[in-house]
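Structure first, then comments.
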Number of protein chains: 2
Amino acid sequence: MTTMEQLRAAKTASKALLRAPAERRNQALRNMADALEARREAILRENALDVEAARGTVSPVMLDRLALDGGRVAAMADGVRQVAALPDPVGLTLETVTRPNGLRIEKRSVPMGVVAIVYESRPNVTSDAAALALKSGNACVLRGGREAYRTARAIAEALREGVQAAGLPADSVTMLEDTSHASVGELMKAVGLVDLLIPRGGRRLIEACVRDALVPCIQTGTGICHVYVDGEADQDMALDIVENAKTSRPSVCNAEEVLLVDRRIAREFLPRLKARLVDGRLDAGLPPVELRAGPAAAAILGLPPAGPDDFDTEFLDYILAVGLVDGAEAAVEHIAAHSTGHSDAIVTANPETAERFLQTVDSAAVYWNASTRFTDGGEFGLGCEMGISTQKLHARGPMGLRELTTYKYVIRGTGQTR
Amino acid sequence: MTTMEQLRAAKTASKALLRAPAERRNQALRNMADALEARREAILRENALDVEAARGTVSPVMLDRLALDGGRVAAMADGVRQVAALPDPVGLTLETVTRPNGLRIEKRSVPMGVVAIVYESRPNVTSDAAALALKSGNACVLRGGREAYRTARAIAEALREGVQAAGLPADSVTMLEDTSHASVGELMKAVGLVDLLIPRGGRRLIEACVRDALVPCIQTGTGICHVYVDGEADQDMALDIVENAKTSRPSVCNAEEVLLVDRRIAREFLPRLKARLVDGRLDAGLPPVELRAGPAAAAILGLPPAGPDDFDTEFLDYILAVGLVDGAEAAVEHIAAHSTGHSDAIVTANPETAERFLQTVDSAAVYWNASTRFTDGGEFGLGCEMGISTQKLHARGPMGLRELTTYKYVIRGTGQTR
């Protein structure tokens, strides 16, 4: 089928979902999980073909992301079952008011309709995204990466079988057949067929969506996250947080990319930082962090100064830009100029300094004395996550089920006119 | 100043607003109202120049919209005072959770930053929009219509004086000096300076924003609203609702444009409709409604059949498209194909039919036994309104103060790492 035909089928399916009670949607989710396990061998067979084709053309890290085994398929099924067990996010009465004229106005949570997700190669995104969309009463349109297409198609077939066994349209889970660049363009322009487009991927994909999309779109994921170590910080705590935020998983969007240090403590703190992130890690057999320091910090550290782009780069690697600032206000200003509005942190023992920072840093998540790595739907207690929004409209930070819904006003009268 | 210089000044002002407590913002609003009254003569003088220049080039209705008098200025000041008295929408703790690891996560309402509004000639929009933006902690950028520029500038000067007297930056209220088409294009592309763009105006402006805007944008206002009269309706009530929805103010977006009638009652209801909307109104000296009926309805009414576009046109006039459908399900299908998702109503005495309609019509406001004319911030009890969103992302239906805010996550820890 063409992409437009597939989108029309998904839109039709979304209308059936609008009428489906929670129990039927949850039954579909449980069936989806069962079908993933029942079709495990077929999924692994297709995955082996994808891995074989990709070998040598992608990095070992990418290849590992792409590869499935029995345990990973079981984990995907488990994830779907966990989504089924979450509270229902649609049909909730969010507010209700009876007006003096007797009109009863209910604000009710409802599905978006069709949610389209563009993503890359991780196979579990296929089942995670489909589960979250279905749980929130939406049909989903999945446009996965080409190198994982056989795997994603096998997974989607299992999911569709599960949906259908619950009496809902298989097209509630629609995997685009066209994995060429053109299909992303069609998604972006499918006004009336796509109610929400979520690009999960690199900066170029997200920029293309912002520039070209005619359908509503949520920007996700780019994170130039800062940690500011204040002059009044507990320096041991600061070192723990900085190391964790940088090294616990450098390839993700909530990892720290820039460290700002209060000039008052630079001569004491920077040598300790180097000992911890470079020498200490080398001694422990861990990958050391490359420090790219601004001029003043570089002089203290005895390093060449950082390049002009180092404070505006999402390294996603064991690299950390290090700059000195004159206190918390200056840190806030630096962050306003350089942050992508994802996650930024202050380490300080002074509560007033902390509260001012928390109030004035304009990011989705602002931390006091904790690692930026906690910006995550699971860590926030949302039970799941469809991505992390770095925009202010509709959703900010980790997007859970609620962020996949909208609302409508339902007004019941007895003949009122105005 | 150039538009970009003005936008940068507004962005700087928005940072001061982020720190301004509610009492200071409310003081600014009360000052703004006082300044409008103190500068009444200057505002009326500028308005007279605008009216003089527009006379003969715009319709009498437009000229009346543009013209101010002492009473209208007082009403503007009053509107600003009412906004000052509303509850504060920012800095609210929307949710809070303490995680097992001890992290305290607060979801807090915060301003958007800079809200830009593009509008046409009604002078009160200048003060209404500025008041709502300031109340919600946002700087506003106003880009009014050229034919009302002198009036809007005089109003904005009063508002800026009021803001400044409360110790907040005058640029919190920024009126673009450039009223050429180019300034709208600059607003649309001012990434990082405009946090939310609200186009209030005709379909072409809104379409241009959807197509060209790189900044977040909310579509407002286009309303092809339907009333469906079910076979089980109280026909007297139906006639009241249909007449009110069509004729109480035909030029607004919540007015009815399409009437759908259950085929079962067409032979009884349509003659009564004609008696009420055409002959009855003529007898009463009121403007009659031109009925544009689909083929089957036209045959009953003895009229020529409607043209092909009549069921997809926002008439904003005393014109009503009339079609027959086979019951409520068919009405829902017609609405799905032709509605702009603004406001749609059913008139029926059957609660089950009504609830099915309310659930399956995918519009911002769905009514049972009431006129679509109630879709309005004031009528919904929001206390004010910045426009009516017809999109699903972020805001749907009447936008009040809450819809001019976003949220952020504030996380307080004691050294947690992941």
Taking θ = phi - 60°, what integer Hz values does the Karplus form 6.51 cos²θ - 1.76 cosθ + 1.60 yield along segment B:32-49, in sequence order, with x for Gly and Pro?
4, 5, 4, 5, 4, 6, 5, 9, 3, 4, 5, 5, 5, 5, 5, 4, 4, 5
Starting from the Cα of B:LYS15, draw a straight line to each of the lysines and keep only those under 25 Å, dropping any in the same chain fewer than 8 residues away.
A:LYS392, B:LYS107, B:LYS135, B:LYS189, B:LYS408
Let me make sure I get this right: for segment A:1-46, a, b and c are the square roots of the gyration tensor eigenvalues over alpha carbons, sorted descending. Under 1.5 in a/c it's rounded, otherwise prolate if a/b > b/c, else oblate. Which is it?
oblate
B:ARG264/B:ILE319 FRET efficiency (R0 25 Å; Cβ-Cβ; nearest 0.05)
0.45
Could you work out how far apart the two model spin labels at B:ALA74 and A:LEU49 are, taking each label as a point 7 Å from the Cα in the direction of the beta carbon, and quote it in nm?
8.0
Ignore the peptide's own chain and count Cβ atoms of other chains within 10 Å of each Cβ in A:163-176; give me the average, rounded.
0
Semi-axes of segment A:1-111's equivalent ellipsoid from the Cα gyration tensor, sqrt of 5 times each eigenvalue, largest first, rounded to whole Å?
41, 18, 15
In degrees between 0 and 90, to the nearest 10, how far off the longest principal axis of chain A does helix A:3-19 point, with axes built from Cα atoms?
80
Taking the Cβ of each residue in B:MET175, A:MET62, A:MET386 as the centre, tally the other Cβ atoms inside 10 Å and list the residues starting with the fewest.
A:MET62, B:MET175, A:MET386
Count the net charge of all other residues whose Cβ sits under 14 Å from the Cβ of B:GLY327, scoring Lys and Arg as +1 and Asp and Glu as -1.
-4
Counting only Cα atoms, I'd like the Rg/Rh figure for segment B:178-230, Kirkwood definition for Rh.
1.15
With 5 Å bins from 0: P(r) over segment B:270-410, alpha-carbon pairs, percent:
2, 9, 14, 17, 18, 17, 12, 6, 3, 1, 1, 1, 0, 0
Please give the FRET efficiency for B:ARG204 paired with A:HIS181, using the beta carbon to beta carbon distance and R0 = 25 Å, rounded to the nearest 0.05.
0.25
Candidate lysines for bridging to A:LYS246, where Cα separation is under 20 Å - those fewer than 8 sequence places away on the same chain excluded
A:LYS274
Along each principal axis of its Cα atoms, how long is the protein assembly as shown end to end? Whole angstroms, biggest number first, please.
97, 72, 41
Tell me the Rg and the Dmax, in Å, that the Cα atoms of segment B:52-185 produce.
18.7, 71
Can you give the local net charge around A:ARG276? Use residues other than it whose beta-carbon is closer than 11 angstrom to its beta-carbon, Lys and Arg +1, Asp and Glu -1.
-1
Taking the label point 7 Å from Cα along the Cα-Cβ vector, the copy-to-copy distances for B:ARG19, listed from shortest in nm with one decimal, are 5.8
Along Cα→Cβ at 7 Å, what distances in nm separate the A:LEU316 label point from those on the other copies, shortest first?
4.6
On the rotation axis linking copies B and A, which residue of B comes nearest by its Cβ, and by how many whole Å?
B:HIS394, 2
For peptide B:234-240, compute the average count of partner chain beta-carbon atoms within 10 Å of each residue's beta-carbon.
2
Order by neighbour count: B:GLU329, B:GLU46, fewest other Cβ atoms within 10 Å first, most last.
B:GLU329, B:GLU46
Calculate the mean, over all residues of peptide B:356-369, of how many other protein chain Cβ atoms lie within 10 angstrom of the residue's Cβ.
5
Give the relative contact order (percent, whole number) for chain A; include only Cα pairs under 8 Å separated by 6+ residues.
18
How do the peptides A:261-269, B:215-223 rank, highest first, by the average count of neighbouring beta carbon atoms within 10 Å per residue?
B:215-223, A:261-269
What FRET efficiency comes out for A:ALA22 versus B:ALA330 if R0 is 41 angstrom and r is the Cβ-Cβ distance? Round to the nearest 0.05.
0.90
Got the B:ARG204 label distances to the other copies yet, label 7 Å along Cα→Cβ, in nm, shortest first?
3.7
Here the gain from full extension of B:ARG146 to B:ALA85, 0.36 nm per residue of separation minus their alpha-carbon distance, amounts to 18.8 nm
Compute the projected area of the convex hull of the Cα atoms of segment B:108-236, averaged over all viewing directions, and report it in nm² to one decimal place.
12.0
I need two numbers for segment A:223-323: Rg to one decimal and Dmax as a whole number, Cα atoms only, in Å.
12.3, 32
Work out how far the C-alpha atoms of segment B:335-418 reach from end to end along every principal axis, then list the three figures in whole Å, largest first.
61, 30, 24
In whole Å and largest first, what semi-axes does the C-alpha gyration tensor of chain B yield when each eigenvalue is scaled by 5 and square-rooted?
42, 28, 18
Net charge over other residues, Cβ less than 10 angstrom from the Cβ of A:ASP128 (K, R count +1; D, E count -1)
0
By the mean-Cβ-within-10 Å protection proxy, highest first, A:99-112, B:280-293 rank as A:99-112, B:280-293
Check cross-link reach from A:LYS11 to the aspartates and glutamates: straight Cα distance under 14 Å, and skip same-chain residues fewer than eight apart.
A:ASP171, A:ASP195, B:GLU333, B:ASP362
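The numbers here are math on the coordinates, done by the rules we state, and not lab data. Small disclaimer: the values here were computed from a predicted structure and weren't measured. When we count neighbours, we look across all protein chains shown, and the Cβ atoms used for this are built from the backbone with ideal geometry, even at glycine.
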